[in-house]
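Some notes on the structure that comes next.
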Amino acid sequence: MSQTSKIAIIGAGNVGASLGINLSRHGYPVRFGVREGSDVKELLAKCEGRAEAASVSAAAQWADVIFLAVPANAAEEAVRSLGDVKGKVVVDCTNPVAWGGDGPRLAPTPEGSVAATLAKAFPGLRVVKGFSTFGAEFHLDPRVGDTSVDVQLASDDAEAKALVSAIATKAGFTPVDVGPLRNAALLESLAVLWIHLAMKGGQGRHVAFKLLKRG
């Protein structure tokens, strides 16, 4: 399915726009789910005719795989607005971050992660956590020297995780299976570490995590 999966991007901010451009360039049919009145002409132009815009619910109903690229505190409401998407794969790209004077802090949900919250609130969804531990620049172009940035994927649904892994590979990422959905909490912590390194630690936004493989 990964070769022809129809992909909805819910949210057209930096992450959603960059990911949608990348996926459309790699041959995936993309529809951005946006609110009525949103001006996405420039974004669609960057997709060079390979993407469209639709209402949030229309994009979700059309898609096979839905990427959720909204603020973490709006994630549950955003999924509720999709309509009946039971059985569809939803990739949670969000991170619950709070800011203080000393930088970013993790603001976990009671369930431990946004992904776990969505899985509990919408038991018919096939939730995968991923595309959440690096900046929008890498969503657009995952190349790092002669390799590519890791995209860590957590899910209790092995088939859904394999599908998202195949999509990630085709789009130029290096997928890493990090286990069950409970590990989404660890990915959200890793994201906060990335934000700290990039914004407060002087590393810059082009810092990225890369698993060193031996042998």
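Ignoring any ligand, DNA or RNA, what whole percent of the accessible area of the chain comes from carbon and sulfur when the probe is 1.4 angstrom? Carbon plus sulfur share of accessible area: 52 percent. Every helix of 4 or more DSSP H residues in the chain counts as -39500 (n - 2.57), and over all residues that averages to -9000 deg cm²/dmol at 222 nm. Accessible surface computed residue by residue for the stretch 7-160, with neighbouring protein chains in place and a 1.4 Å probe, gives 44 Å² per residue. Beta bridges from DSSP with both residues in the chain: antiparallel share about 20 percent, rounded to the nearest 5. Here the calculated FRET efficiency for His196 and Ser81, from their Cβ-Cβ distance with R0 = 41 Å, stands at 0.80, rounded to the nearest 0.05. Average 1/r across all pairs of distinct alpha carbons in the chain, invert it, and you get the Kirkwood radius: 17.1 Å. For the stretch 140-215, trypsin sites (Lys or Arg not before Pro) meeting the loop criterion (DSSP other than H, G, I, E, B) and having at most 11 other Cβ atoms within 10 Å: Lys213, Arg214.
Taking 0.36 nm per residue of separation and subtracting the Cα-Cα distance, full extension of the segment from Val207 to Arg35 would add 58.7 nm. Close amide H pairs (under 5 Å, H built 1.01 Å from N) link Glu52 with Val30, Arg31, Phe32, residues at least 5 positions away or on another chain. When the trypsin sites (Lys or Arg not before Pro) in the stretch 35-123 are filtered for DSSP coil states and for at most 15 other beta-carbon atoms within 10 Å of their beta-carbon, the remaining sites are Arg35, Lys86. What you get for the chain, charging only the Cβ of Lys and Arg (+1) and of Asp and Glu (-1), is a dipole of about 320 debye around the Cα centre.
The values are calculated or read from the model by the stated rules, or taken from the named source; none is laboratory data. Predicted model, so just to flag it, every value in this text is computed and none were measured. All Cβ positions, glycine included, derive from the backbone under ideal geometry; neighbour counts span all protein chains shown. The area values use the complete protein model at the heavy-atom level, side chains included, leaving out ligands, DNA and RNA. Shrake-Rupley method; radii C 1.70, N 1.55, O 1.52, S 1.80 Å.
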